[in-house]
Each structure stands twice: as C-alpha cells, then as structure tokens.
Amino acid sequence: MKDYFSDEVSVFHGRKTPEPGSLVGYAFLIAEIERQLEIHVPLPDKLAIVTQKHQRYDTDQWIVYTARHKPVKNTLSHVVFALKYEGIDLYILKKVFQYTKDSPIVRMVKAEPTGKYSRKIWFLYEWLMNKTLDIPDAETGSYIEVVDSQLQYAASPVRSTRHRVKNNLPGNRNFCPMIRRTKKLEAFIAKDLSAAIEKGLDSRDRNLLKRTAAFLLLKDSKASFEIEGEYPPDLRARNWGRAIGQAGKNQLTLEEIERLQDIVIGPKKLKHMGLRIREGFIGEHDRETFAPLPDHISAKAKDLRSLMDGLLRANELLQRSEFDPVLAASTIAFGFVFIHPFSDGNGRIHRYLIHHVISRMGFTKGGMIFPVSAAILNRIYQYQEVLESYSSPRLDLIEWEPTPDHSIKILNDTIDLYRYYDLTAQAEFLYECVEETIVQIIPEELDYLEKYDKMSQYINSMVSLPDTKVDLLIKLLHQNKGKLSGKKRKKEYDELTDEEILLIEEKFEDIYKKEE
C-alpha cells in the first residue's frame, strides 16, 4: 500500500502534480480517509503538496509548499496544516474525526491546552460530532476565531467559553457551506456594486424607474421559466413576476417557500406539494430500459426537514452578521437547489431566493428589481457548469438502486454531502451575474424606455394613432432597421402619408442610431 506521507506522487485522483511531491493537508487526509474508512470524498478545488525545491507557488489545482512546511507523520499534524494554510473543509474533517475517534483529540488538547490549533480542532470535533469530550473547560488563553477570515468568509463571531474560541462559522451543524476568499471575489466586493446601482439611478426620472422595474419583473420571470425550458402563458409569468416583486418583504420560512411553490407551479398542482416524501434526481431515463440516468441526486427525503431547518437558520445568521449580501445569496440559493427539497419548482425558487436575500440585506434599493435570471440565462452554459461542479463529484459517492417506478432509492447516508461543501465557484458566478445586471441589463432597459418615450411622443405629436399602433410601429421600425416596409405600411398604416412616414423614419434614426 502506498505510503502517502513518505512517497512522492505525480498523480493523485487523476490530478497531475506540477512536480513530484508529498501529499500534505487535505490531500493527505483524503488518502487516509480512503485507507481507514474505504470511502471516497469530494476533492477540494485545490490540494497541497510539499516538494524538495525551495519555491512556494500555486497552479489551478495544486498549492506547492517547500520542505520546511511538511508536517510530522501523524493525522492531526496534517489537520493543523490544513487549517493553517487551506482553511476549513467540514466534510473532510468530519470523516477524519470518524476514524481518529476521541483519544488523539483529548491527548492533543491536554498536551497543548492553550494551543491555537488544538483548541480549534477540539471545538470542531465537538461541533461536528455533536458530542462532548472528556476535557475540562479551558480557563486560560486568548480567544481565537475558528474561521481564518484571511482564507474564508466568516460570520459574526459568537464566543464558546468552553474552548475559548470565537465561533464565526457561516452556518450551523445542519447547514454550513464555506466560501474561500479569492482575488476575484475581493475585487467584486471592492467595487461596491450596491452603491453603484443606487448612484446610477439617482438622476433618473422616478416614473421611468417604476416602469422599468415593472418591465424587469416580467423579464426576470420569463427568463427564470426559460432556464427550466418552460414558456408559460403571460398570466402565469406575471403572477411569478409579482411574487419576485415582493421578494425580501416576508421572513423566509418553510411555509413561505411552500407558498412560493404553489405560485410557481400554477393551477395544475402536483399530487404532493411541499417537501418531497420520496427520493428525487435530475436527469433522464435510458430509452430502452427506462433506468434512471442521474445528473444530480437530491437529498434523501428523510433528511429534508433537518437540512431546511439548517438552511433557514443559516439565512438568519448571515443577515445578522452583515455578511456580504451576494455571498449570502449564493449560500442560501445554491444550498437550496442542491438540497432540491420539492418535486418541482426548485430552480425558480432557487433564483427567487437570490432576489430575497439581496433585497432583505439592502443590496437593492428604490424598488428596482434585480433581473438576475436574465443574466443567468445569458450565461446558461456557465450556470450549468457551476451546478455540475457540485453535483458531478458527488454522484459516485451516493449508492442507489432503481425502483420499479423508474425512480431511485438511496442506500447510504448522504446528509453531510448537502451540509458541508465549498461554494466559491457558485459565489464567483453569481457576482458576475450581479455585475452584468448592474452595468448592462438595467441601464439598457432604462435607455430603451427613454428612447421609446421620445419616439412615442414624436409620433403622437405628428399623427393621431391608438397607443397599440404607436407601439407596433416602433417595434416594426426596430425589426426593419429603422424603415417601415411597404407591405407593413399598406396593411397597418395606410392612413399615413409618404411625408409622415419619412419624418418618422428620420426621427427613429436620430433617436436610436445617432445617439448610440
């Protein structure tokens, strides 16, 4: 059997190292989990190795450290390395604690009662395993934060006097995804996009803003349905748009989310609304055998109440913590869609939750709707990739069998897969969508309505036409590059003279093309 502490590796789980090196931190712990528990775990985006060279550098998949960083040969020294350099991976740590059991933790804490990492590990063990070790409460030592905010985003700290640590985990035992502090996210946060949108709207006409908001509601609703491959009647889209317009006004509860499902499903209700009572998956069926072909397997039905309780309590915690609103929205919205608690409507409610969180946390102001679904639709392939980046690595970790009705039955314990994971890729994606919405989509819609009003006013000043025909005329000019075709003129606008048509076309050129 390979000795991952002593032997150098050049490939680990299909990942080629930039140079031969020894696995350290979470990479070493993953190898130990596989050896001790004979199970696999989801790999972090980056793993660490130590090489004999004196150069510290990063690649897309590896963090390379020098020999002086190499931990001594025991599991907890690699846990310390991981916490110090890689941050907290709750899923891996829980699996490590499952095979180390209590004794090594107790010995470590008794040997180093005031040690920074011994107290962190002690706290995380009791927190994750939901048990109290045979260790007296700490009486000395400065309070230290559990999450290193230089590595990952943290919530407001709450003191644990037993361990003399500040618990700043951005969640709770039932739901606590983590987000790494990256240059990309830091750059987005530094832009203060919330202030940018507010400043950009200050000089705009209030009535224009109100009309734009109404238009964006419908646009976002239709985009959210289109992402699901649905094209509902206008009434259903408008009903969902009105629901989006109320985002942030009601407290987020399970009952509120079930109310939203009722709206989004429409009049043809499911046989069983609300939390699923059966297992679920996203994917297709084999054409011949009808066997399930999952792309994503949802959380087990029996785990849903625990997971949703954790998600809702995490939402309250993040809002009290003044967590960055977009990162909070990523945590709650993507957490919801990965759990997939309903039989239908999960995707649209997932995108609604983005609206809810950023609105509730004051990111958007002045009644302006945030058409994030439109931005997501513009990036639909990237959106699918960030969803699959969570789902795909977990498919092989879930044991299941097909059922007679061509669904699935989950055979192993999977709840931690939906509690603990990294959401950095999803947070970066959502911030990209937020920026596109603020700097492009909203200004474009405001600009369109301003120009539409100018054109409409000009037509009304020249000729007497019903509003519907004015609207149609502008749309026809858009479709035909500023010209009204002879066929359309004869069919719809026979009452207009050649001179009037020419003047309208010239004005269209002036408003839409010269200004651009």
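The values are calculated or read from the model by the stated rules, or taken from the named source; none is laboratory data. This structure is a prediction, so every number in the text was calculated from the model and none was measured. All Cβ positions, glycine included, derive from the backbone under ideal geometry; neighbour counts span all protein chains shown.
Picking from K475, K481, K507, which residue would you name as being basic (K, R), assigned to a helix (DSSP H, G or I), modelled with pLDDT of 85 or more and within 24 Å of K219 (Cβ to Cβ)? If you could, list the steps in order and put the result at the bottom.
Values: K481 fails: assigned to a helix (DSSP H, G or I); K507 fails: within 24 Å of K219 (Cβ to Cβ).
On inspection, the qualifying residue turns out to be K475.
Which residues, taken from the stretch 276-302, are over 20 Å from L387 (Cβ atoms) and in contact with a helix residue (DSSP H, G or I) (Cβ under 7 Å, 6 or more places away or on another chain)?
Of everything in the stretch 276-302, those that are over 20 Å from L387 (Cβ atoms) and in contact with a helix residue (DSSP H, G or I) (Cβ under 7 Å, 6 or more places away or on another chain) turn out to be I277, R278.
Checking the structure you have, find out if any residue of the stretch 319-340 is more than 19 Å from A425 (Cβ to Cβ) and in a helix (DSSP H, G or I).
Within the stretch 319-340, one or more residues are more than 19 Å from A425 (Cβ to Cβ) and in a helix (DSSP H, G or I).
So that you can scan it fast, the table gives a plain yes or no per residue for (1) crowded, with 20+ Cβ neighbours inside 10 Å; (2) at pLDDT 80 or above; (3) in a loop (DSSP other than H, G, I, E, B):
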residue	(1), (2), (3)
A196	no, no, no
A214	no, no, no
L218	no, no, no
S224	yes, yes, no
E230	no, no, yes
A237	yes, no, no
A247	yes, yes, yes
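Against the condition over 30 Å from S194 (Cβ atoms), touching a residue at least 60 places away in the same chain (Cβ under 8 Å) and either surrounded by fewer than 15 Cβ atoms within 10 Å (Cβ to Cβ) or not charged (D, E, K, R) (or both), how does I277 come out, does it pass?
It is false that I277 is over 30 Å from S194 (Cβ atoms), touching a residue at least 60 places away in the same chain (Cβ under 8 Å) and either surrounded by fewer than 15 Cβ atoms within 10 Å (Cβ to Cβ) or not charged (D, E, K, R) (or both).
What do you reckon, is F338 more than 19 Å from A243 (Cβ to Cβ) and either at pLDDT 90 or above or aliphatic (A, V, I, L, M) (or both)?
On the way: more than 19 Å from A243 (Cβ to Cβ): yes; either at pLDDT 90 or above or aliphatic (A, V, I, L, M) (or both): yes.
Yes: the conditions hold for F338.
Could you tell me whether the stretch 242-251 includes any residue that is closer than 30 Å to L397 by Cβ and of a type outside the set (G, A, S)?
no
Mind checking whether some residue in the stretch 412-423 is polar (S, T, N, Q), in contact with an Asp or Glu (Cβ under 8 Å, 6 or more places away or on another chain), surrounded by 16 or more Cβ atoms within 10 Å (Cβ to Cβ) and within 30 Å of L193 (Cβ to Cβ)?
no
Can we say R180 is outside the structural domain of A375 (by TED's automatic domain parsing) and over 25 Å from the mean Cα position of the chain (by Cα)?
In short, no.
If only one of S392, S373, S298 is surrounded by fewer than 21 Cβ atoms within 10 Å (Cβ to Cβ) and among the small types (G, A, S), which one is it?
S392
From the list Y91, Y65, which one is among the hydroxyl-bearing types (S, T, Y) and closer than 19 Å to P393 by Cα?
Selected residue: Y91, the only one of Y91, Y65 that is among the hydroxyl-bearing types (S, T, Y) and closer than 19 Å to P393 by Cα.
Looking at the stretch 67-74, is at least one residue closer than 30 Å to T414 by Cα and modelled with pLDDT under 95?
Within the stretch 67-74, one or more residues are closer than 30 Å to T414 by Cα and modelled with pLDDT under 95.
Whether any residue in the stretch 128-149 is closer than 30 Å to L185 by Cα, part of a helix (DSSP H, G or I) and not assigned by TED's automatic domain parsing to the domain that holds K46 is what I want to check.
Yes; the residues of the stretch 128-149 include at least one that is closer than 30 Å to L185 by Cα, part of a helix (DSSP H, G or I) and not assigned by TED's automatic domain parsing to the domain that holds K46.
Quick one: E399 ticks every box in (1) surrounded by 23 or more Cβ atoms within 10 Å (Cβ to Cβ); (2) over 13 Å from the mean Cα position of the chain (by Cα); (3) modelled with pLDDT of 90 or more bar one, so which box is it?
Of the numbered conditions (1) surrounded by 23 or more Cβ atoms within 10 Å (Cβ to Cβ); (2) over 13 Å from the mean Cα position of the chain (by Cα); (3) modelled with pLDDT of 90 or more, the odd one out for E399 is (1).
Listed here are the residues, each with its yes/no results for (1) over 25 Å from P371 (Cα atoms); (2) crowded, with 17+ Cβ neighbours inside 10 Å; (3) aromatic (F, W, Y).
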residue	(1), (2), (3)
A425	no, yes, no
E444	no, no, no
Y448	no, no, yes
N460	yes, no, no
K488	yes, no, no
L503	yes, no, no
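What do you reckon, is T51 among the hydroxyl-bearing types (S, T, Y), buried (at least 18 other Cβ atoms within 10 Å of the Cβ) and touching a Gly at 6+ places or on another chain (Cβ under 7 Å)? Step through it out loud before you land on a result.
Numbers: among the hydroxyl-bearing types (S, T, Y): yes; buried (at least 18 other Cβ atoms within 10 Å of the Cβ): yes; touching a Gly at 6+ places or on another chain (Cβ under 7 Å): yes.
Against the criterion (among the hydroxyl-bearing types (S, T, Y), buried (at least 18 other Cβ atoms within 10 Å of the Cβ) and touching a Gly at 6+ places or on another chain (Cβ under 7 Å)), T51 qualifies.
Kindly provide the set of residues from the stretch 105-125 that are in a helix (DSSP H, G or I) and buried (at least 17 other Cβ atoms within 10 Å of the Cβ), ordered by number. Explain how you work it out, then say what you get.
Taking the stretch 105-125 first, the residues in a helix (DSSP H, G or I) are 105-111, 116-125.
Those that are in a helix (DSSP H, G or I) and buried (at least 17 other Cβ atoms within 10 Å of the Cβ): I105, M108, V109, Y117, S118, R119, K120, I121, W122, F123, L124, Y125.
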